[in-house]
Structure formats: structure tokens, C-alpha cells
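K.L.:
Take a look at the following structure, please.
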Amino acid sequence: MSKVPEVTLIFWIIKIAATTLGETGGDTVSMSMNLGYLVGSAIFAAIFIVAVAAQISATRFHPWLYWSTIIATTMVGTTLADFADRSLGIGYTGGSSLLFTLLMASLALWYWSLGSVSIHTVSSPRAEIFYWITIMFSQTLGTALGDGTADTANLGYTGAAVVFGVLLAMVAAAFFWTRISRTVLFWAAFILTRPLGAVVGDFLDKPVSAGGLALSRYVASAALIVFIIACIAIFPQHPAARTTSP
């Protein structure tokens, strides 16, 4: 049985909320709590490893466990990207290039090993390991890409949100009106929702002078957690249809 959810509208709504929470939650630990990016990365990496182990050990799809693991990837992605971009000094462009290479390598190795990167084939421990590694790289890339677009490109948080929103709309249009591979479109949308969530999260908690709303990171994170819990509790989710064909 597949242990990842069917891709529906509510999936994308929760995904964007989770990526936004990853930004505000990651910044809460590394910045508001003054623990730093390295310590924050270590904390969230440990949570991520435990969550993935639980996900792989499970015998069926559990929405709460799945989305907890997704949130863990968004938070470790936030702190890891910030550590690479700022603490290591490689910058947003360097960080994005490195992470994009790692993401493409993960997808290529997954495809080479199992013949498909479709979520409908994520039904074995080996496929799940590739799935979660790929997701972790995509979440980390999204943070660097979002921050780079907002800051380096001088578009600001709202401008960057518009850019990624338009790109997602183009992916959605391709889904409905073209015959482009659904697997390709899924991963394109999955990757793009992360920088969108990153810039929305920054817009919520960054100072007004920097183009944000200056909301408390604690309050923003708590509100997002409540929203995600409500979505999972109200809207039923089902595992994706399973297939073993490429």
C-alpha cells in the first residue's frame, strides 16, 4: 500500500501552509530563540530522521505522520539553507545552484535505481528513502531560491510571491491543457511551492522596514499549525493509487 497521499487540491493547500510554517518555525528556533542555524539544523535534522524512520516503519498511510514528516523537512530545509547561504557565505546563488544539483542527482539516482520517480510507486522502503531525500533537498532548495529571489533580485517578498505564484499557475495550466508528464509536473509544483511558502513566511515575520508585516514568529507559526491541523482533521485524505510500473 502506498504511504503517501493522493494529490488533490487540499494536498497543495496543506503543502503551501507547511512550507510557510517551515520558514516561520525554522526562523523561530534559529533566530528568535537565538540558537543559530547550525544548532537549529541539528535539532530539525534529528526530528526529520526520527519522522522518516517512523514513516518507513508504518504499514499504511497515516496523514498525521506524513504531514509531520513534511513539516520536519521544511524546517530543516530552512535552517540548512540559511546556514549554507549565510554562515558558510556561499550566498543565495551558490546555495541554490548546489542544492539544485543535489536535487537533480537524487531524482536521477532514484529513476536509475527503480525506473520511476512517480509517487504512485512509493510503496517500498527503498522508494520511500529516495522520496524523502528528494523532498528534503527540494525543501532546502526552495528556501535558498525564495530568499534569493526576494533579496538578491530585489523583488521583495510580495514580488517574489507573485513570481512563484505565476509559475505554479503555469504548471497547473500545463496539467489541465497539455500532455506533459504528470510526474514531471508534480515535482515541478512540489519544488515551486517551497519558495512560495518561504517568501510568504518571510513576509509575515520580517520587519516592516524590510517589506514584511513584523508579526511574531511564535504567533504566525501557531496560527499555521492550527490551520494545518484543521485541514487534516476536516478533509479526509487517501493514499495514492499504487503502481509498480515506470
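The values are calculated or read from the model by the stated rules, or taken from the named source; none is laboratory data. What you are looking at is a predicted structure, and each value in this text was computed from that prediction instead of being measured. So basically every Cβ, Gly included, is an ideal-geometry build from the backbone, and we count neighbours across all protein chains shown.
K.L.:
Check the stretch 138-154 and report whether any residue there is surrounded by 15 or more Cβ atoms within 10 Å (Cβ to Cβ), at pLDDT below 95, of a type in the set (Val, Ile, Thr) and touching a Phe, Trp or Tyr at 6+ places or on another chain (Cβ under 8 Å).
P.N.:
First, the residues of the stretch 138-154 that are surrounded by 15 or more Cβ atoms within 10 Å (Cβ to Cβ): 138-151.
Filter again for at pLDDT below 95, leaving 138-151.
Then drop every residue that is not of a type in the set (Val, Ile, Thr), which leaves 140, 143, 149.
Pick out the ones that are also touching a Phe, Trp or Tyr at 6+ places or on another chain (Cβ under 8 Å) and you get 149.
There is at least one residue in the stretch 138-154 that is surrounded by 15 or more Cβ atoms within 10 Å (Cβ to Cβ), at pLDDT below 95, of a type in the set (Val, Ile, Thr) and touching a Phe, Trp or Tyr at 6+ places or on another chain (Cβ under 8 Å).
K.L.:
Something else now. How many residues, within the stretch 91-106, are touching a helix residue (DSSP H, G or I) at 6+ places or on another chain (Cβ under 6 Å) and either assigned to a loop (DSSP other than H, G, I, E, B) or within 23 Å of VAL7 (Cα to Cα) (or both)?
P.N.:
Number satisfying all stated conditions: 2.
K.L.:
Name the residue that is modelled with the highest pLDDT, counting only residues in the stretch 98-123 that are surrounded by 15 or more Cβ atoms within 10 Å (Cβ to Cβ) and among the polar types (S, T, N, Q). It would help to see each step written out before you state the result.
P.N.:
To start, the set of residues in the stretch 98-123 that are surrounded by 15 or more Cβ atoms within 10 Å (Cβ to Cβ) comprises 98-100, 102-103, 106-107, 110-111, 114, 116-123.
Add one more test, that the residue is among the polar types (S, T, N, Q), and what stays is 106, 116, 118, 121, 123.
Working: SER106: 95, SER116: 92, SER118: 92, THR121: 88, SER123: 83.
The extreme case among them is SER106.
K.L.:
For THR73, state whether it is within 20 Å of SER118 (Cα to Cα), in contact (Cβ under 8 Å) with a residue 60 or more places away in the chain, of a type outside the set (Lys, Arg) and assigned to a helix (DSSP H, G or I).
P.N.:
Values: within 20 Å of SER118 (Cα to Cα): yes; in contact (Cβ under 8 Å) with a residue 60 or more places away in the chain: yes; of a type outside the set (Lys, Arg): yes; assigned to a helix (DSSP H, G or I): yes.
When the stated conditions are applied, THR73 passes them.
K.L.:
Moving to a separate point now. Name the single residue, out of those in the stretch 18-44 being among the hydrophobic types (A, V, I, L, M, F, W, C) and surrounded by 23 or more Cβ atoms within 10 Å (Cβ to Cβ), that is nearest to the chain's Cα centre (by Cα).
P.N.:
Residues of the stretch 18-44 among the hydrophobic types (A, V, I, L, M, F, W, C): 18, 21, 29, 31, 33, 35, 38-39, 42-44.
Among the residues that remain, those that are also surrounded by 23 or more Cβ atoms within 10 Å (Cβ to Cβ) are: 18, 21, 44.
Numbers: ALA18: 7, LEU21: 10, PHE44: 14 Å.
Restricting to residues being among the hydrophobic types (A, V, I, L, M, F, W, C) and surrounded by 23 or more Cβ atoms within 10 Å (Cβ to Cβ), the top hit is ALA18.
K.L.:
Further question: Exactly one of these conditions fails for VAL50: (1) touching a residue at least 24 places away in the same chain (Cβ under 8 Å); (2) of a type in the set (A, V, I, L, M, F, W, C); (3) surrounded by fewer than 22 Cβ atoms within 10 Å (Cβ to Cβ). Give me its number.
P.N.:
(1)
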